[in-house]
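Undergrad: Take this structure first; my questions come after.
Derivation of every value follows stated rules applied to the coordinates shown; laboratory data play no part. Here the structure is a predicted model, which means the values were calculated and not measured. So basically every Cβ, Gly included, is an ideal-geometry build from the backbone, and we count neighbours across all protein chains shown.
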Ligand SMILES: [Zn+2]
């Protein structure tokens, strides 16, 4: 057992934060030997319950749940910050040429290693990530995630049409490869597989049908794709699948909407789409830096909460512009405020933070329901993935956070002014990463 004394941030079931100014976090193995939170609460109340426990004290620091990124593309690590005129030219000119290099396992391993270290440096301890259409890219990413003991989900991209040579796959083989990868990786250590059609237009109906069959055969496996990101994409999807009620409904028609299915963007929805999300248990990966960068539109938070479906935050690197959860939370605030295309509102700092931790975990079905692991939080039983935050990381942050009169002011200062400098350390499965930084 290990214990840490610091301020502690975690979340209640109603999306609000619980904050302990002088807290104690006790980490120990659960019945399966997985390091989890054994106790958390006020230092003074807890310390006597664990006599002889060695406690590391971090004065002036905050322990918080590791961030959960609901949508990111590992092979786009080097595509971040590429200039393009919108989504489709960006795919053609930057993304597909980069992704075509991932047939080379050695190259895929080098990028995967950098990608995961970059996530951890930014305090992200779980991601739902796209690999490429090459099975070698999936093996590389899982191997690197396994070495780092991460709870991590990825999958081979399915794209058997309207894709250039080098990334386009073959319908039957793509489904055979997907099933083989599920059997090789899903449930190994903390790894999970996601069936990954890039988006409906780049898959034939046969490929989507096969993906839906796999989704039914392996209900614990995730499904991830993109939907309703921009108007040109929607028009194209409607042309290709005119029999479906909407672009989103295309996925439902192929059996690809269910619990553990996560769709990036979900911007241009009507209430029938929102109801379909709610009824199927699908979740939205809200990707605000990407949506602002590409000018795609603004996620309608009021609509999502009014109809009542699940969502959480995502970086969507490389369409997104930062690995930093702070930048993503700030961009989500801008997106919430926008009031010309949908109702504008001010998302509270606690709600923004929840979206990138406990909310994202719930969207993945990883909030402890029905025996599932619990991540994105620091309540008893949660897996021991957490970050140590330094609210004095820059001169302006130190000045601003010292004046915070309540939790919302403290969290909002971090959201607006924070970046990787705030993340002093990241712990994965109860161990600091990298190991030599431990103390
Ligand atoms: Zn994406």
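Undergrad: Cα convex hull of the range 11-57: mean projected area in nm², to one decimal?
TA: 4.4
Undergrad: Additional query: With N set to the residue count of the range 24-95, report its C-alpha Rg divided by 2.2 N^0.38 Å to two decimal places.
TA: Cα Rg divided by the expected 2.2 N^0.38 Å: 1.97.
Undergrad: While we're on this one: Given the range 161-291, what whole percent of its Cα pairs are spread farther than 26 Å?
TA: Result for the distance tail: 20 percent.
Undergrad: Using only alpha carbon pairs under 8 Å that are at least six residues apart, calculate the relative contact order of the chain and give it in whole percent.
TA: That works out to 18 percent.
Undergrad: Express in nm, to one decimal, how much length is gained between residue 406 and residue 188 on full extension, taking 0.36 nm for each residue of separation and deducting their alpha carbon distance.
TA: Between residue 406 and residue 188, full extension yields 74.2 nm more.
Undergrad: Same structure, new question: Over the range 222-290, what relative contact order in percent results from Cα pairs under 8 Å that are six or more residues apart?
TA: 38
Undergrad: Which peptide among 9-17, 425-433 comes first, and what is the full order, when sorted by highest mean count of other Cβ atoms within 10 Å?
TA: Numbers: 9-17: 16.7, 425-433: 20.0.
Listed from highest to lowest mean packing, they are 425-433, 9-17.
Undergrad: Sticking with this structure for a sec: Take the alpha carbon atoms of the range 72-152, find their radius of gyration, then divide it by 2.2 N^0.38 Å using N residues; give the quotient.
TA: Rg over 2.2 N^0.38 Å, computed on Cα atoms: 1.09.
Undergrad: I've got another one for you. Test of understanding: express the Cα radius of gyration of the range 289-439 as a ratio to 2.2 N^0.38 Å, with N the residue count.
TA: The range 289-439 yields a ratio of 1.11.
Undergrad: Could you list the residues of the range 247-272 with an amide nitrogen less than 17 Å from a label point located 7 Å from the Cα of residue 306 in the Cα-to-C-beta direction?
TA: Residues passing the 17 Å test: 267-272.
Undergrad: Determine the equivalent ellipsoid of the range 225-303 by diagonalising the alpha-carbon gyration tensor, then write out the semi-axes as square roots of 5 times the eigenvalues, largest first, rounded to whole Å.
TA: Equivalent ellipsoid of the range 225-303: 19, 16, 11 Å, largest first.
Undergrad: Something else: Give the peptides 57-66, 404-413 in descending order of average Cβ contacts within 10 Å, highest first.
TA: 57-66, 404-413
Undergrad: R0 = 41 Å: FRET efficiency of residue 168 with residue 21, Cβ-based, nearest 0.05?
TA: Between residue 168 and residue 21 the formula returns 0.15.
Undergrad: Estimate the FRET efficiency between residue 424 and residue 106 by the formula 1/(1 + (r/R0)^6), using the beta-carbon distance for r and 41 Å for R0, to the nearest 0.05.
TA: Taking R0 as 41 Å, the efficiency between residue 424 and residue 106 is 0.80.
Undergrad: So what's the projected area for the chain, the Cα convex hull averaged over all directions, in nm²?
TA: On the way: hull surface 79.8 nm².
One quarter of the hull surface, i.e. the mean projection, equals 19.9 nm².
Undergrad: Show me 127-136, 354-363, 19-28 ranked by packing, highest mean number of other Cβ atoms within 10 Å first.
TA: Packing order, densest peptide first, comes out as 354-363, 127-136, 19-28.
Undergrad: Still on this structure, please answer the following. Distance in nm between label sites at residue 30 and residue 118, each 7 Å beyond Cα in the beta-carbon direction?
TA: Label at residue 30, label at residue 118, 3.1 nm between them.
Undergrad: Oh, and also: Report the Stokes-Einstein translational diffusion coefficient (µm² s⁻¹, integer) for the range 368-439, Rh taken as the Kirkwood radius over Cα pairs, at 20 °C with viscosity 1.002 mPa s.
TA: After rounding, the answer is 154 µm²/s.
Undergrad: Under 8 Å for C-alpha pairs, at least 6 residues apart: give me the relative contact order for the range 68-208, rounded to a whole percent.
TA: 23
Undergrad: I want to make sure I understand the PRE zone here: with the label point 7 angstrom from the Cα of residue 232 toward its beta carbon, which residues in the range 86-120 have backbone N atoms less than 15 Å away?
TA: The answer is 86-96.
Undergrad: Where in the range 30-72 does the amide nitrogen come within less than 11 Å of the point 7 Å from the Cα of residue 146, taken along Cα to Cβ?
TA: none
Undergrad: Return the Rg/Rh value of the range 230-371, two decimal places, where both radii are evaluated on C-alpha atoms and Rh is the Kirkwood radius.
TA: Rounded to two decimals, Rg/Rh equals 0.95.
Undergrad: Nearest 10 degrees, 0 to 90: what angle lies between the long axis of helix 135-147 and the longest principal axis of the chain (Cα atoms)?
TA: Taking the Cα atoms of the chain, the angle to 135-147 is about 10 degrees.
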